[in-house]
1. Rounded, prolate or oblate: which one fits the chain, using the alpha carbon gyration tensor with axes a ≥ b ≥ c (rounded when a/c is under 1.5, else prolate when a/b beats b/c, else oblate)?
2. Roughly how many Å is it from the Cα centre of the stretch 104-155 to that of the stretch 83-98, as a whole number?
3. May I ask for the net charge around Leu52, where only other residues with Cβ less than 13 Å from the Cβ of Leu52 are counted and Lys, Arg are +1 while Asp, Glu are -1?
4. Which of rounded, prolate, oblate describes the stretch 32-112, given a ≥ b ≥ c as roots of the alpha-carbon gyration tensor eigenvalues and a/c under 1.5 marking rounded, otherwise prolate only if a/b is larger than b/c?
5. Just to be sure I follow the rule: in the chain, considering lysines 8 or more places apart or on different chains, how many pairs have Cα atoms under 20 Å apart?
6. Hey, what's the chain come to in accessible area per residue, 1.4 Å probe, Å²?
7. At 1.4 Å probe size, put Thr143, Thr25, Thr177 in order of accessible surface, largest to smallest.
8. Given the DSSP H assignment, sum -39500 (n - 2.57) over each helix run of at least 4 residues in the chain and divide by its residue total; what's the result at 222 nm in deg cm²/dmol, nearest 500?
Amino acid sequence: MTVAIEPSTEANAYPPALVALHWFTALAFVAVFAAVEFHESFPKGDPTRDLLMLAHKSLGITILLLAIVRILLRTRIVAPRIIPVPPAWQTGISHLTHATLYAAMVTLPLLGWLMSNAAGRPAPFFGLELPSLIGENKDLGRTLKEAHELIGNALYFIIGLHAFAALAHHYAYKDNTLSRMMPVLARK
C-alpha cells in the first residue's frame, strides 16, 4: 500500500527535498550538455576531450540515478495544486512533457551505457567501471549512438518547452506553477 506524503508545510509548494532534486538534475543536464558540446572543441586523443566525455558519461549515469529517486518520490508525494487551476489542455501537455523528460532521464543514460558496452568498453562512473550489460557489437553500437544522439537533440527542445512553460505560467498566466518548484529562499 502506498501512502501519499503531503507537500511541505507550505501547502502550495513541493517538499524541499524534491525541489533540490529538481534543480540538481537541471544542473546535471547543463553539465552533461556542456561536456558533450565542448568535447568537440578538442582533437581526438586530447586529455581534455577525454575528460569531458568521462564527465558526460558519469553525469549521465548520475541523472539516471536521480531520475530513479525522483520517480520513487513522485509516487509517494502529492503534487501541490496549481492555483488558479489551468485548462485541461495545459495539464495534458504538462503531463506529456514530464513523462517525456522522465523517459529521457532513464533512456539516454541507459543508451549511453549500452553504447559503451557495444563498443567494447565499460561504462564509466566517476572512476568506477559499471558492469557490461551487453557484449561487443559494433553495428548495434552505431544504432545505439544514433538513437542516443536523436533523443539527446530532441531533449534540447523538450527542456526548452518545459522552461518556457514554467515562465509563461509565472509571468503570463500568473499562477503558482513555477513557485511550487522554487527553492524556499526564492519564493515570494
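The values are calculated or read from the model by the stated rules, or taken from the named source; none is laboratory data. Not measured: the values here are computed from a predicted model. Note that each Cβ is placed from the backbone with ideal geometry, even for glycine, and that neighbours are counted across all protein chains shown. For accessibility, only protein heavy atoms count, side chains too; no ligands or nucleic acids. Shrake-Rupley method; radii C 1.70, N 1.55, O 1.52, S 1.80 Å.
1. Prolate.
2. 33 Å
3. Residues near Leu52 contribute -1 overall.
4. Prolate.
5. Lysine pairs meeting the criterion: 6.
6. 61 Å²
7. Per-residue accessible area, sorted high to low, gives Thr143, Thr177, Thr25.
8. Mean residue ellipticity at 222 nm (helix-derived): -22500 deg cm²/dmol.
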